[in-house]
Every structure is written in structure tokens, then in C-alpha cells.
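Colleague: The structure that follows is given in the form of C-alpha cells.
No value in this document is a laboratory result; all are computed from the given coordinates. Small disclaimer: the values here were computed from a predicted structure and weren't measured. Every residue, glycine among them, receives a Cβ derived from its backbone with ideal geometry; neighbour counts consider all protein chains shown.
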Amino acid sequence: MENYEQKLFEYLENVARNNASDLHLSAGRAATLRVDGELVPMTKEKILTPQDTEGLAGVILNDEKNEALKKNKSVDLSYSYKNVARFRVNVYYQFGAVSLAFRFIPAQVKTVQELGLPDIVSKFANYQQGLVLIAGPAGHGKSTTLAALIEQINNKRAEHIITIEDPIEYIFTQDKSIIDQREVGRDTLGFKDALRDSFRQDPDIIMLGEMRDPETISTAVTAAETGHLVLATLHTNNSAQTINRIIDSFPPEQQQQIKAQLALTLIGVVSQRLVPKLNGGIIPAVEVLIANPAVRNMIREGKVHEIGLVIETGGDEGMISFNRYLSDMVKEGKISMEVAESYSLNSRELRSLLK
């Protein structure tokens, strides 16, 4: 393999042709796509060598990113293919050889409805201030949901929106809002620096690609407390775990303060997974927490473990429990019982809902 640029372009065109979400390039195996959640090797392609993967990485890495890779052993970046497709890329080492993981980013930002999310999710974009959290494992559509909410605001309201991302994924076209997109490493030194700087940039809305450390979390909550709408993601499984992750990231002597701030500022939490559909493709399954007075009181008093019960009984307010959502999708013929059980965090409860 000599023309690495041409070969990489062929791989990326395969992503689009097969409607894949991801492309994996690693030494010792053929290029592999992820289609509808399943890994599909390109069996007609040759097995990649360490020289091949290094050459393919060289197509997309500039000098700065290459130095970062050698120093940190992995690096994140975004890559535009001929201005028709964008990818979030992680380049990393395994067994001493370079590997690449590409995540396809659609050019068009989809609406909440087009993503198959419940309508209640779109209501989180109507607030003027507070904290909205999108939770879930890596690769389960958190950034896509955030982008849908930002685009909804952009199309309806004249606001100043600042996004802080690592790397920038969706590129927004300004409509009614002013949108400034800042990429960590290129436009700012880090999330906490960019977030702190944003207070001097007159934002109405701040979108955080990820809340990674206590200082970033504390500043984000303060921003929500002082009149801004803050939307952010966390790698957690459900609403209770999300709230506990925030509280537990602080030392014990600071936890009461963050509980009080969180109880005051939290609007809601959307926890999501992408699950395989019966007829092919994937569909989001969600849990939705809305911070009503009972939830705020539980956060303040450290009774976060009781939030699941509030979600289960809060359907009239728009809350959705994950198991109930899974069971509804089974009853509607969208997913199989086996898939529902494999994604459920409490399969016994799920089975009782399906009786």
C-alpha cells in the first residue's frame, strides 16, 4: 500500500456507501466498519501492517497533532473529507503500532424528532438558564442530541451560543443565533479555561462537549446559576449516577455546596443508549429526569438513590424511566425482548413491565 491518501479516501467512501457509523484501522486486521452497531470487516481489503496504519495516520495528522500523538500516545481530532463528510478521529497506539478510529458525523444536524427521541427532550431547549445534562456511554449519540438542541435554539431564538468541544464535531450554520465554536487545543487550552473565558464573552448559552474535572463542573454549575443555559455531556448510565458523579467528583467538604447549587440549577437529565431495531438500524432508548421540587429536595438532602422512583411515577410531568421506554419499544415491535434485556439495568423489573 503506497498511496495512503487514496486508500484512506476509499475507506471513508465505504463508510458513506454502507451507512456505517465508524471505521477502525488497526495493524493485523482488515479495515472494519461498524454498521447498525455490528462490526463488519472489509474482507476484500488486505490485512493492514504497522507501516500501513502509520502511513494512513500521516494523511490526517499535521505536525502539531503528530507531536501530541508521540507525547501522549493518543490524540483526538476532526477531519473533513473533501468538504462533504466530517469525522471525529482518535489516533492511538496498540502493541506499539498506530491505530485509528473514525466516527462519522452527518453534515446535516437532525432534529430531536428525526433522531427518534421523545418530544419532551426538545423542551429542554426552551429554557433561558439552568443546567441540562445528556448522559450515556461513549458512542451512543450524546453529541448528536446536544447538536439537535443547539440547532433548535439557533433556528428559533437570537442568542449568543458558545460551544467548547474536543474536537469540534457538528459545524453549525448561524441562523437567528450567533454561534462561536471553540476547539480544545486549537482555540483554547482546555475546557476549564474556555469556560472561564466565556464569562467575558457575553454568552447566553454554553455547550460543553464534556465535563471532565471538578473545576469545569463547578464553573459550569456557576454559569447555570448566574443566568446562562448550560448544556453538557457525561459518560454515565442513568440520572442518579449522573448526579452522583458530579457530587462525588468534589472532596467531602465541598459536596454540600455542590448539592445546593445542583439542586438550584439542574433542569433535567437525558440518559440514552442506541439499541438495534428489529428491522435493522438503531434507535435511541432513553431515560428522562425533570428536576421538579421533589428531585431538587432529594439532591439537596443527599437522597439521590430515590430518584429512580420519582422518574417511574413522574410520567405526567414528562419523565420517562429507561425500563418503561424499553418495554414500550418491545410492545410496539421496534426491538426484541432479548435486546431490551441486554440493555436494561434491571432486567427483572423489565420483565415485570412486559407481563
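Colleague: Under 16 Å from a label point 7 Å along Cα→Cβ of THR173: give me every residue in region 109-124 with its amide N that close.
Modeller: Of the residues in region 109-124, 109-111 have backbone N under 16 Å from the label point off THR173.
Colleague: Between region 185-217 and region 22-91, what is the separation of their alpha carbon centroids in Å?
Modeller: A separation of 28 Å, based on Cα centres.
Colleague: Next question. Quote the Stokes-Einstein diffusion coefficient, in whole µm² s⁻¹, for region 74-167, based on the Kirkwood radius over alpha carbon pairs, a temperature of 20 °C and a viscosity of 1.002 mPa s.
Modeller: Result for D is 140 µm²/s.
Colleague: Sticking with this structure for a sec: Quick one: if you take sqrt(5λ) for each eigenvalue of the C-alpha gyration tensor of region 119-320, what semi-axes come out, biggest first, whole angstrom?
Modeller: 24, 22, 16
Colleague: Are there any helices in the chain, counted as whole DSSP H runs, that stretch 15 Å or more along their axis by Cα and score at least -0.5 on average by Kyte-Doolittle, and if so which?
Modeller: Membrane-span-like by this rule: 50-60, 142-156, 214-225.
Colleague: Starting from 0.36 nm per residue, how many nanometres of slack lie between SER336 and ALA294 once their C-alpha separation is accounted for?
Modeller: Stretched fully, the SER336-ALA294 segment lengthens by 11.7 nm.
Colleague: For the chain, what relative contact order do you get, as a whole percent, if you take Cα pairs closer than 8 Å and at least 6 residues apart?
Modeller: 13 percent
Colleague: Checking a compactness column here: for the chain, what do you get for Rg(Cα) / (2.2 N^0.38 Å), N being the number of residues?
Modeller: Normalised by 2.2 N^0.38 Å, the Cα Rg of the chain equals 1.03.
Colleague: Going highest first, how would you order 301-307, 85-91 by mean Cβ packing within 10 Å?
Modeller: Ranked from most to least packed, the peptides come out as 85-91, 301-307.
Colleague: Same structure, new question: Would you mind telling me the antiparallel percentage of the DSSP bridges in the chain, rounded to 5?
Modeller: Once the DSSP bridges in the chain are tallied, antiparallel ones form about 60 percent.
Colleague: List residues of region 9-41, by number, whose backbone nitrogen lies under 17 Å from a label position 7 Å along Cα→C-beta of THR49.
Modeller: Residues 26-31 qualify, since their backbone N sits under 17 Å from the label point.
Colleague: Figure the gain on full extension for ASN90 and ASP316 (residue separation times 0.36 nm, minus the Cα-Cα span) and round it to one decimal in nm.
Modeller: Here the answer is 77.2 nm.
Colleague: Sorted by packing (mean other beta-carbon atoms within 10 Å per residue), highest first, where do 237-246, 341-350 land?
Modeller: Listed from highest to lowest mean packing, they are 237-246, 341-350.
Colleague: Still on this model: Quick one, can you get me the convex hull of the C-alpha atoms of region 4-105 expressed as volume per residue in Å³?
Modeller: 95 Å³
Colleague: Mind scanning LYS277/LYS355; LYS7/LYS277; LYS82/LYS277; LYS70/LYS192; LYS65/LYS142 and naming the pairs with a C-alpha gap bigger than 27 Å?
Modeller: Over 27 Å Cα-Cα: LYS7/LYS277; LYS82/LYS277.
Colleague: When LYS82, LYS46, LYS123 are ordered from fewest to most other Cβ atoms inside 10 Å of their Cβ, what list results?
Modeller: Going from sparsest to densest Cβ surroundings: LYS82, LYS46, LYS123.
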